[in-house]
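We did not get these values from a lab; they are worked out from the coordinates using the rules stated. Just so it is clear, the structure is predicted and the values come from calculations on it, not from any experiment. Heads up, the Cβs are rebuilt from the backbone with ideal geometry, glycines too, and the neighbour counts pull from every protein chain shown.
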Amino acid sequence: MTGIKRKVSEITEPESPYSKKALIEQVETGVTEPKQNEPEKEESKSDDEEEEEEEEEVTANKVKNGPTSGSTASQDIHIARETAELFQSNIFKLQIDELLEQVKLKESHVLKVEKFLHKLYDMIQQVPEWEEKTITEVESFFKGKIVAVPFVDPKPTPASTHYKFNYKKPDVSLIGSFALKTGIYQPKGSSIDVLLTMPETLFEKKDFLNFRALHKRSVYLAYLTHHLSIALKNEKLDGYLSVEYTYFNDDPLLPILKISCDKAPTSQANEEYNFYKTKFSINLIIGFPHKMFDAKKLLPNKNCIRVVQDENTKELPATPLYNFAVLSSTTYEVYLKYLYKTKKQTVSFKEATNLGRLWLQQRGFSSSSGHSKMTGGFGTFEFVTLMAALLNGGGINGNKILLHGFSSYQLFKGVIKYLATMDLCTDGYLQFYSEPEEDSTTRVSKYIEEGFQIPTLFDMSTKVNILTKMSIASYQALKLYAKHTLAMLNNVVQDQFANIFLTNISRVDNLKFDLCYDLHLPLGNSTHTDSLLASAFGPLERIKFITIENFLVNKLLNVVKIALGERITLAEVELVDSKSSFPINKRKVHSTSGENHFNFDYIKLKLLVNPEESEKLVTKGPAHSEEASPEATFFKNFWGPKSSLRRFKDGSITHCCIWTTSSSEPIISNVLDFVLKKHISEKLIIQNPITKQFQDILPLPNLPASTNTSVLNLNSYFNLKKSFDNLYKIMFKMNLPLSIKSILPVGSAFRYTSLCQPVPFAYSNPDFFQELILEFESSQRWPDEITSLEKAKTAFLLKMQEQLQAENGNQYKSFFTRDESIPYNLEIVTLNILTPEGYGFRIRVLTERDEVLYLRAISNARNEIKPELEKTFLKFTAKYLASIRHTRTIENISHSYHFYSPVVRLFKKWLDTHLLFGHLPEELVELIAMKPFVDCSPYNIPGSVENGFLKILKFISQWNWKEDPLILDLVKPEDKLEDSLETSIGGSDLDSKTMKKLSEKLTLAQYKGIQTNFNNLRNSDPNGIHLQFFVASKNDPSGLLYSSDIPLAIATRLTALAKVATNLLHTHGINEQTIGLLFTPGLKDYDFVVHLKTPVPLKTSSGILGSSEFRNIANDQAPTAFPSDLAALSEKMDPTFQLMKYLNMKYKNSLIFSSHRYIGVCGGNKGNKNVITGLIKPLFKKSHKFKVNLDCNMKPIDKENVILNKEAIFQEISAFGHELVVDFETN
């Protein structure tokens, strides 16, 4: 790339139509730029043309110079790498060009609003000048008028205000993106910034102190507003134009006038200035003359607001927010010229700016003050200024980070990489010059390795810190999203364009964040503000933070950060219903909540959780010492009565806090409830009903203290594994004709994904018998025919049962069952073993001959039955070979995704609630649920149950499975790949080396191979009639193993239900009612519904804790031993499952049946209710001509036609159900 970069940097910039003279004219005389016809085409060649020229030159030089010996191969590799990188950029460029074309401003809209801007300029020029007035005269002038003076707090008083106020004609100019022609279409409308610079004669040199300049600006703005209101009325424009005060970038020190067009054009007069359809609004910003005040006195570390000092106060604190408000008001035109000059020099400046704008908007960032709005302080202006600085240096030695010839993709990626990798807060800052002197060539941007502990992008020319509006929390958020985006940009396998630019991740808080809390403060007027807050917000805090909202947000974040520490990765605060606009007859924003002293209704605290740390029981502090250290004193003061001394296993004595876990709420909720009431307000109410409701939906195991167990606790699964390990040791000691090679677990509980957690003796649970696959050592003597082979396997299992009964008969019980999971192979027998610990295992045998014999049967079969045999082989592969890989992969990576287990269990509960789970293989459900964990872009990896579940629903609702495959990279997070891989006792075949191989990421070739498989499949089945869900991974590149037998009606219903669920949550929000509706089945959509009731309740015998009064005590009715007669096991097993199985077999040609698979979970309070629903296949809803082989119950309607005999079928179903049937509904 170095050769190409050098060539790019040497490109001479073509002369821009926006000359320096034109810019100065525009700034001085009017508010519109001269119009150009497609200036971008005149300004530069396209990126493609540049790259072609560069490649030609490289090739020409190569031919001319000739290859040197030994260097040909390395040159070829170098060129190949360059081409690959350019290819990635070109793919992005095609998408970028299409995107930018769609968001381009309409020329007609620009012309329309420009017409009004000219009119506005004339009206401003006609405002009469004023004479000097005292504050008393100003107040008397505005008394009785519809315009109030928007004085910033504190309002000036006649007694202390000795300076005069005045109005002289301003210098009018256009600034912002509209002036630079970098604006884009915004659905909610965008604003045009018009700068009115106050003349120097209105100021004194000391006006930067004590709000003097700001108060003069407030009077200036009010006088202008008064006369503009009159002018609008005289010109008859007030019918559709409205004016209001607003805070520029939500900064209460910067009031401006906003002009909006509220009504669409009509046939009335003066409609030529109506710009309603353009969705523009116009901001009149009052600025100060450049270099009016001494910039050094307004540095961020200086104090410019003098207050009466206490005896204890040594010096006044710095006033960075105030200093920025004054100093930045003098620099608007400086940055317009600086950015204009950069745009002129840079080929793809405009496109890169718009990419940055889109990226920031989709993540909720803007230029608004970040001290009360967490994603504020970094908008398009800050992005572009940083890009301009990096085009002129930016490295530690002043080396250029970006080059002027870079494409928009390269410029955007360069800025994102800089934000992601360089620290502009703690470790250092970036300094740049917006006004380089003509005689100086050394003024380059430079990274200084000395941090100010606040976000800093410092302009050495104007002495302004561009990032003053950013808080540390908003900078951390920006850095986090930049890191995620850089990882997406570096992903050469998957196309991440939509995730970077098109997905708005800020739309739903519960998708963007793991936990969201509503904090309700005791809101009152200034005299009744909560004493804890009022005492803390004194004069010194007021001059530092300006508003009580800024102070409160800062304090809240500091408390949360100290209290939660490593439990969270990010905290954001939102002031709900905070206002920044107010009528021109008011002085400032007034709350809508009556006597509310705050500019918000309540606070929303939003957290990104670190799953590894979030549920730890102990908050550790400093070590204990005889002399109290400052850290220990701070820890004790911060935590108060919660702090205690504890001795740990390593012998250390440490200050710490102990927390209690709960199945309903995370530990974070307990921590926040304690610290916020202690440090913010005792009357504070903290609410997060969503998390509790979602976690309560998960079925609790009927075990002691299960209500006090975290959702991340996997002890019940570990107990099952211990029981398996004991059985494994016994079986390996058996004396058999062939030695056991391995016993591999494949049951869902071994990968922590079973809906009901394993509970001893809970044999009503459909997942009670966990499957194991047993392999013997290789032998040439296995039979060469499938039926004989199965009988030989059964003989081995009989031998094993004999030995087990002989040696451990008093502890282990066993029996045989026939397995029908493989079609056409009815000889499969499994050995079921009940362990003394109360668990059940089902063993099936796999030999090296099985696969060979199935494939031989396919090759020897007639062509017409080959497809059926291929399906059979697919079932065998999924049941035996693939299930081993699937279980070990999911088990291995789920340790890194801590919330995967509860999330997939909740997803299974949702599917079973809606009667879909019985149609979907568990492995398919688990792979779909893994999507938000292994491919979380553009979000974070889920850190709560509700976050993961909602992301699954969102994905399914948007998944167009006809056109898009689901390709999963089943690997740990990148920071976990180096960790040691788990090996358990049964894993002789899948050792750590094999697991290491499984943990490698998909390569581009593998990804494209899977994509080819999908394309080939859709060529033969374009509408997804036969196979809907293509879910592939390195374990299953075919994508067919687990989704080859799902009815089309079920697949479309799953998608439709997910869409309904996401629309419900978007429309009505996430609350108790909508969550309840999410888990309510819609039975009206089926053709008939059969209500069933089992003779025996199955909830407690399924191992599920009942909703009794004392839920911390395990239910006494739960079985504590297996019956002595094993035939009695069936008495507490779900009879509706067998009924479903029979109905599906009998009516499979004409009906699709659905029911709850887990009757203990979905079968009411006692677990004794179920439904069987039926859908008549579309083919049988209409009449047919009679045929002999219709294979279902039909009745004649005339001499030739027959129709499905629904009445007879319904009566048959009722007869089969017999005593189970309670009600039969037809829709």
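At a glance:
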item	result
³J(HN,Hα), Karplus 6.51/-1.76/1.60, whole Hz, each residue of region 797-810, x for Gly, Pro	5, 4, 4, 5, 4, 4, 5, 5, 5, 5, 9, 9, x, 6
Within region 749-766: backbone nitrogen closer than 19 Å to the Gln811 label point (7 Å, Cα to C-beta)	760-761
Region 775-829 - percent relative contact order, Cα under 8 Å, separation 6 or more	32
Straight-distance crosslink candidates among lysines, where the alpha carbon sits under 18 Å from Lys413 and sequence neighbours closer than 8 are dropped	Lys5, Lys93, Lys343, Lys350, Lys400, Lys479, Lys483
Magnitude of the charge dipole, region 290-507, Cβ model with Lys/Arg +1 and Asp/Glu -1, debye to 20	540
Derived scalar couplings ³J(HN,Hα) [region 320-329; Karplus, 6.51 cos²θ - 1.76 cosθ + 1.60; whole Hz; x for Gly, Pro]	x, 5, 5, 4, 5, 4, 6, 5, 5, 5
Potential lengthening between Val852 and Arg1018 on full extension [0.36 nm per residue; Cα-Cα distance subtracted]	56.9 nm
In nm, spacing of pseudo-spin labels at Ala795 and Glu315 (7 Å Cα→C-beta vector)	9.6
Which of Leu355, Val903, Asn1035, positive extreme of dipole for the chain (C-beta unit charges)	Val903
Theoretical FRET efficiency, 1/(1+(r/R0)^6), r = Cβ-Cβ of Leu881 and Val1096, R0 25 Å, to 0.05	0.05
0 to 90° range, to nearest 10: angle between helix 866-876 axis and the chain longest Cα axis	80
Using alpha-carbon coordinates, inclination of helix 1135-1146 to the longest axis of the chain, degrees	80
Segments 1094-1103, 489-498, 700-709 sorted - mean Cβ within 10 Å per residue, highest first	1094-1103, 700-709, 489-498
Percent of C-alpha pairs per 20 Å bin, the chain, short to long	9, 32, 32, 20, 6, 0
Antiparallel bridge percentage (DSSP; both residues within region 713-878; nearest 5)	70
Residues of region 267-308 with amide N under 16 Å of a point placed 7 Å along Cα→Cβ from Lys205	291-298
Using a Förster distance of 35 Å, the FRET efficiency for Trp130-Lys586 (Cβ separation, nearest 0.05)	0.95
Summed side-chain charge close to Leu502 - residues other than Leu502 whose Cβ falls under 13 Å, Lys, Arg +1, Asp, Glu -1	0
Folded to 0 to 90 degrees: helix 900-913 orientation relative to the chain principal axis, Cα	70
Relative contact order [Cα under 8 Å, 6+ residues apart], region 90-288, whole percent	26
Protection-proxy order for peptides 1053-1062, 1206-1215, each taking the mean of Cβ atoms within 10 Å per residue, highest first	1053-1062, 1206-1215
Percent RCO, i.e. relative contact order, over the chain, from Cα pairs under 8 Å lying at least 6 residues apart	8
Mean Cβ neighbour count within 10 Å, used as a protection proxy, ranking 647-657, 1024-1034, 740-750 highest first	740-750, 1024-1034, 647-657
The chain - charge dipole about Cα centre, Lys and Arg +1 at Cβ, Asp and Glu -1, debye rounded to 20	1680
Calculated over region 713-878: convex hull of Cα atoms, volume per residue (Å³)	114
Label point distance in nm, Lys115-Asp1191, each placed 7 Å from Cα along Cα→Cβ	7.2
Residues Thr707 and Ser629, FRET efficiency given R0 of 41 Å [Cβ-Cβ distance, rounded to 0.05]	0.55
Region 901-937 residues near the modelled Ala487 label - backbone nitrogen below 13 Å, point 7 Å along Cα→Cβ	932-937
Karplus (6.51, -1.76, 1.60) ³J(HN,Hα), θ = phi - 60°, over region 934-949, in Hz, Gly and Pro reported as x	8, 9, 8, 4, x, 8, 9, 4, x, x, 7, 5, 5, 5, x, 5
Cut-off under 5 Å, modelled amide H: who pairs with Phe776 long-range	Lys741, Leu846
Label point distance in nm, Glu868-Glu101, each placed 7 Å from Cα along Cα→Cβ	5.3
DSSP-defined antiparallel bridges as percent of all bridges, the chain, nearest 5	80
Value of [θ]222 nm, deg cm²/dmol, for the chain, DSSP H segments ≥ 4, -39500 (n - 2.57) each, nearest 500	-12000 deg cm²/dmol
Under 5 Å, built H, 5+ apart or other chain: amide partners of Phe1088	Gly1174, Asn1227
Nearest-20 debye value, region 713-878 charge dipole, Cβ charges on Lys, Arg, Asp, Glu	240
Net charge contributed by nearby residues that have their C-beta within less than 13 Å of Pro641 (K/R +1, D/E -1)	+4
Positive-end extreme of charge dipole, region 90-288 - chosen from Ile146, Tyr276, Tyr223 (charges on Cβ)	Ile146
Theoretical gain in end-to-end length, Lys1181 to Gln958 [0.36 nm per residue, Cα-Cα removed]	77.3 nm
